[in-house]
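Scroll down for the structure; my scribbles are underneath it.
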Amino acid sequence: MNRKYFVVVLMLLFASLSFGQAKKYEIGTPYKNLTNRTGGFYDYSDPQEVNIKVSVWGFVKYPGKYIIPVYSDVSDLLSYAGGPTDDAHLDDLRLYRVLKDSTQIMYKFNWNDLLWEDSLHTKKVNMPKLKPGDVLLVPGSQRLYLRDWFSMALSLVSVLISLSILILNLTRK
């Protein structure tokens with residue numbers, strides 16, 4: 001009797017697992033968009049406009065290569081990339097560009113000037129316009145918060161307790 005219940009429970013478990021893994025497709029969803037959802041290539045192109053390929057690397061939520069409309073600017077590109085993370089240094093954004101004669105140009109600008117202005121002003125902010133092949137680099141450094149320090153300390157204490165118990169067990173015998 002117990003064996004029958006065990007078999008039934010196993011069959012229900014496997015049925016629920018296989019049912020949960022069924023892909024959910026919508027009618028009209030193109031197949032090409034379903035194949036590469038986890039990669040670092042994002043398509044925000046506008047079918048009515050000319051589109052360019054650019055890249056965003058560094059401390060943003062979704063780094064990778066992007067296809068964006070030609071009228072997009074750096075703020076649009078940062079928005080497409082999910083915005084900067086908490087660890088990003090917004091005072092040192094860099095835009096790299098390779099010109100036709102193979103020379104490289106780097107534009108550095110401070111995004112904090114745009115974000116944290118106290119008042120509105122009429123002076124024009126010199127923001128570089130995006131061109132095909134541009135690479136936006138958002139530098140940053142890893143920050144450790146209190147929960148990170150607590151987690152590391154707890155892990156260390158756990159290892160020390162485990163080692164002391166092991167040593168005590170080995171020396172008793």
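With the simple spin-label model, which puts each label point 7 Å out from Cα in the Cβ direction, the L99 to R147 separation comes to 4.8 nm. With a cut-off of 15 Å between beta carbons, the residues surrounding Q104 carry a summed charge of +3, where Lys and Arg count +1 and Asp and Glu -1. Of T103, T85, the sequence from fewest to most neighbouring Cβ atoms within 10 angstrom is T103, T85. Residues W149, W111, ranked from the fewest to the most other C-beta atoms within 10 Å, line up as W149, W111.
Would you order R172, R97, R143 from fewest to most other beta-carbon atoms within 10 Å of each residue's own beta-carbon?
Listed from fewest to most nearby Cβ atoms, that is R172, R143, R97.
Read-outs: derived from the displayed coordinates by stated rules, not from any lab. Everything quoted here is computed from the prediction, not taken from an experiment. With ideal geometry, Cβ positions are generated from the backbone for all residues, glycine too; neighbour counts draw on all protein chains shown.
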